[in-house]
1. Answer yes or no as to whether TYR103 is closer than 27 Å to LEU121 by Cβ, of a type outside the set (S, T, N, Q) and in contact (Cβ under 8 Å) with a residue 40 or more places away in the chain.
2. Of all residues in the stretch 57-77, which are assigned to a helix (DSSP H, G or I) and crowded, with 16+ Cβ neighbours inside 10 Å?
3. Give just the number: which of (1) in a helix (DSSP H, G or I); (2) farther than 21 Å from PRO166 by Cβ; (3) modelled with pLDDT of 90 or more does TYR7 not satisfy?
4. If you take the residues of the stretch 160-174 that are surrounded by 15 or more Cβ atoms within 10 Å (Cβ to Cβ) and free of Cβ contacts under 8 Å to residues at least 60 places away in the same chain, which of them is nearest to the chain's Cα centre (by Cα)?
5. If you go through the stretch 83-92, how many residues are open to solvent by 40 Å² or more (accessible area, probe 1.4 Å) and free of Cβ contacts under 8 Å to residues at least 40 places away in the same chain?
6. Would you please name the residue that is nearest to ILE156 (Cα to Cα), looking only at residues in the stretch 41-56 that are open to solvent by less than 60 Å² (accessible area, probe 1.4 Å) and aliphatic (A, V, I, L, M)?
7. Which one is nearest to LEU55 (Cα to Cα), of the residues in the stretch 93-117 that are touching a helix residue (DSSP H, G or I) at 6+ places or on another chain (Cβ under 6 Å) and open to solvent by 30 Å² or more (accessible area, probe 1.4 Å)?
8. Given the conditions (1) surrounded by fewer than 14 Cβ atoms within 10 Å (Cβ to Cβ); (2) at pLDDT 90 or above, and given that LEU80 satisfies all but one, which numbered condition is not satisfied?
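The values are calculated or read from the model by the stated rules, or taken from the named source; none is laboratory data. Worth saying up front: this structure is predicted, and the values here are computed from it rather than measured. Neighbour counts are summed over all protein chains in view; Cβ atoms, including those assigned to glycine, are modelled from backbone coordinates with ideal geometry. With ligands, DNA and RNA removed, areas are computed over all heavy atoms of the protein, side chains included. Shrake-Rupley method; radii C 1.70, N 1.55, O 1.52, S 1.80 Å.
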Amino acid sequence: MHDIYLYFFANSYLVRSGHKANVDLVEKFVNFYHRYENLNLKITFFLISLQILHLYWLTTDVVLQKIFGESFFFVSNNLLPIFVLIDYIEIPALISGLVFYSYNIRRDKSTANKSYLFLGLLGVQVIHIFWITDEVVYTSFFKSSLVEFPYVLSWIAILIDYLELPVMADLFYRVIKKKRNTR
């Protein structure tokens, strides 16, 4: 019954867009998501939790360096590509989180407000992804910046990244709660 809302939203969008043939695909996706909801929760938690390593790098190599003038990142530079890869895992993590909380809004009315909050925290991460793409990747490859961000906006983009911490805590709680309920 709860799947009907997600299905209705997706169906309305597809019909307005003129993609009636894809309605069956949406219905199959919603059914699949419902059938494997517990697995999807665990995958979402795992992907988003990997960002704790990114936050470690961000804190020790960017934030503390800006504040104190030196890096406290005590990991070999040879391992830096792993941290960059983990940062790009944020894209599927955000998609997974956005889908999870969107699904949860329609499935569980009692926690819908909390899901809206977490949906918003994840949605604002897009700003951070743009900043990271410009500041780190473009500068690394071309030794110049594509777009110059004002100093204050750079700090806002950094702080936005920490909004994943409450999402991680919520997903951890949900995984533990599901585990207890299945016993």
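1. Against the criterion (closer than 27 Å to LEU121 by Cβ, of a type outside the set (S, T, N, Q) and in contact (Cβ under 8 Å) with a residue 40 or more places away in the chain), TYR103 qualifies.
2. Across the stretch 57-77, the qualifying residues are TRP57, LEU58, THR59, ASP61, VAL62, VAL63.
3. Of everything listed in (1) in a helix (DSSP H, G or I); (2) farther than 21 Å from PRO166 by Cβ; (3) modelled with pLDDT of 90 or more, TYR7 misses just condition (3).
4. By that ranking, first place goes to LEU163.
5. The total comes to 3.
6. LEU55
7. The qualifying residue nearest to LEU55 (Cα to Cα) is LEU98.
8. (2)
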